[in-house]
Structure formats: structure tokens, C-alpha cells
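Some notes on the structure that comes next.
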Amino acid sequence: MIGSPDTSVRLLQVTDPHLFGDETRKIYGVTTAVSLRKVLAEAFAPGTPRPAAILVTGDVADDHSAAAYDNFRRALRPYDVPVFCLPGNHDEPGLMVDLVDGDGFQYGGTAVFGAWGAVFIDTHVPGRPEGRVEQKELSRLELALQAFGDRPILVCLHHPPLSVGSAWLDGVGLRNAKELLAVIERYPTVRAVLGGHVHQEFERRHGHSLVLATPSTCAQFTPLTEHCVMDLRPPGYRWLELLPDGQVRTEVRWLQDWEVADRPPDDRF
């Protein structure tokens, strides 16, 4: 267990860092190793309340390399808090099992944060940008929800289970979102669903759950667009506070020491 069931637990979410083995490489005009380190430095700046853990919701590595995951560990290890990871569409789950599970890092599985339970879901489809929760993962989720009993639950995954209103992004979204939502809808204890993938801030209530997506630590996509249009927003991250009564407080923060003077190139699609 991380934290006490009688007090709130503060968590930091970072997502979609898109790291490379070569830390000088860029995507969308951004040196991703630099932007991730700047996000972490701001989140852990003196005077900022320290998180109990860091949640990393996929697209850790962009080039499918072991070196990228080594760079990820090296960037987060100095902060000395537990790190919970899951795969995105750009990741290599097999490498993540080997390289980001153990020694303060956890890949997938479940966790307990104070009064809350958390389940980390794999939506990775090999070689494809869209996501899917396989039947084995759906069954694991349901068993975990049953085992957590009356605890409020946070479900974490890469691909959000709701449309974000951009045709091109929704086209590479979670293919069997209805199946996942059907499980979640059966358990009113699921209070929040947290994702990445869409490189923008997103918040919508679905039944008893608050569905959230968070900006990338590198570059953003402009919301509500038919085709990919890069945004002028800087790198981002999210704070969450899980309260003992099952409420969640959350805030997206945008990196202060970062100016996007020109719209980044769309060099991915």
C-alpha cells in the first residue's frame, strides 16, 4: 500500500514521452528527452507537494529500443518515488516487462493508493496505432474489481474509452471500448479512468466514472480536428488527489519554462 487509507494520496501522471535510445532525437520538433526532464523538474520543484507515486500511461519509447527504456528509468529514478507503467501503441511490452518492472518500477498489474485500488490495463495491439483490451485483460480487470470490494477504483490505460471529438484520433482509439465500458459500468466503485494517447487535455463524466486524458510530455494535438493539426500548447502533465471518500481532484499543468513559437511539424502521419 502507498499512503494511508485515512488521508488523500497525491499522484503525478506523465504520459506519451516518446523517448528514443538517442536522447538528441526529436519528434514534432521536440527533443523528447529534454521535455520529459523539464516536466519532471517542474513537478518536483521546491515548494511543490511531492507525489506518492508517478503513473506513466504509455508511449514511453518511440523507437522500440531497450536504450529508450533505460533512458526512461534514468530520468525518473532520481525522484525516488514508485513508478507505475503500462504500454502504449508505440511501446514494446516484452521489453517493458524486462526493463521497467522492478527496482521501484512496476509494469501493469494493480496497486493500492490509500483508500483506493488501481488497475493498469494493457491496450497494446502489435504494429497498430489503435488499441484493444483483449478478453484476458477484461477478465483480469473484472477479477481485480471484485477483489478490491468497496474500495474506490482508478483504472489506468493508454487509449481512452470515449471519443475525444477528433475524427482522426477517434479512428485510432480503443476498438472495443464498449466491452471495457460494460465492465466498468457494472462496478460503481470505478470512480476514475485515466489515459493518454490523444496528446491533449480531456475530461468527461461517463456514468459513475470520470474519464480523463492528459497532454503529452512532448507535443500536443489540437482538439476537435478532422485531421492531425499540431497544437501550440507546451508539454503537459496531470496531478491527481485521491480522497478517502472516493472523490478525485485533478488538474492539468502546462510546462511554464517552454515556448512553442511555431506550430510543430506534423511528421508522424
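Values in this text are rule-based calculations from the coordinates and carry no lab data. Everything numeric in this text was worked out from a predicted model, so none of it was measured. Cβ coordinates were reconstructed from backbone atoms using ideal geometry, including for glycine residues, and neighbour counts include every protein chain displayed.
Taking amide H as placed 1.01 Å from N in the peptide plane, the amide H of residue 53 sits under 5 Å from that of 12, each at least 5 places away or on another chain. When only the Cβ of Lys, Arg, Asp and Glu is charged (+1, +1, -1, -1), the dipole of segment 110-269 relative to its Cα centre reaches about 420 debye. Once every DSSP H run of n ≥ 4 in the chain is given -39500 (n - 2.57) and the sum is divided by its residues, what mean residue ellipticity at 222 nm do you get, rounded to the nearest 500 deg cm²/dmol? Dividing the helical sum by the residues of the chain leaves -6000 deg cm²/dmol. Between residue 128 and residue 45, residue separation times 0.36 nm minus the direct Cα-Cα distance comes to 26.2 nm. From least to most packed, judged by other beta carbons within 10 angstrom and beginning with the fewest, 128, 151, 25 follow the order 128, 25, 151. Of the beta bridges in segment 1-114, as assigned by DSSP with both residues counted there, near 20 percent are antiparallel.
Subtracting the Cα-Cα distance from 0.36 nm times the residue separation, let me have the gained length for residue 80 to residue 138 in nm, one decimal. Each step should come with its number before you reach the end.
Numbers: separation 58, 0.36 × 58 = 20.88 nm, distance 3.19 nm.
Separation in residues times 0.36 nm, less the Cα-Cα distance, equals 17.7 nm.
Per-residue 3J(HN,Hα) values for segment 23-35, derived from phi via the Karplus relation 6.51 cos²θ - 1.76 cosθ + 1.60 with θ = phi - 60°, read 6, 8, 6, 10, 9, 6, x, 10, 7, 5, 5, 5, 5 Hz in sequence order (x marks Gly and Pro).
Only beta bridges with both residues in segment 9-254 are counted; by DSSP, about 50 percent of them are antiparallel.
The phi-based Karplus calculation (6.51 cos²θ - 1.76 cosθ + 1.60; θ = phi - 60°) puts the 3J(HN,Hα) values of segment 63-72 at 10, 6, 10, 4, 4, 5, 5, 4, 5, 4 Hz, whole numbers, x for Gly and Pro. Label positions at residue 204 and residue 251, each projected 7 Å from the Cα along the C-beta direction, are separated by 2.6 nm. The phi torsions of segment 240-252, fed into the Karplus equation with coefficients 6.51, -1.76 and 1.60 and a -60° offset, translate into couplings of 10, 10, 8, 8, x, 7, x, 7, 10, 10, 8, 8, 8 Hz, rounded to whole numbers, with Gly and Pro shown as x. With both residues required to sit in segment 117-241, DSSP beta bridges show an antiparallel share near 30%. Residues whose amide H lies under 5 Å from that of residue 210, counting only those 5 or more places away or on a different chain, are 192, 193; hydrogens are built 1.01 Å from N in the peptide plane.
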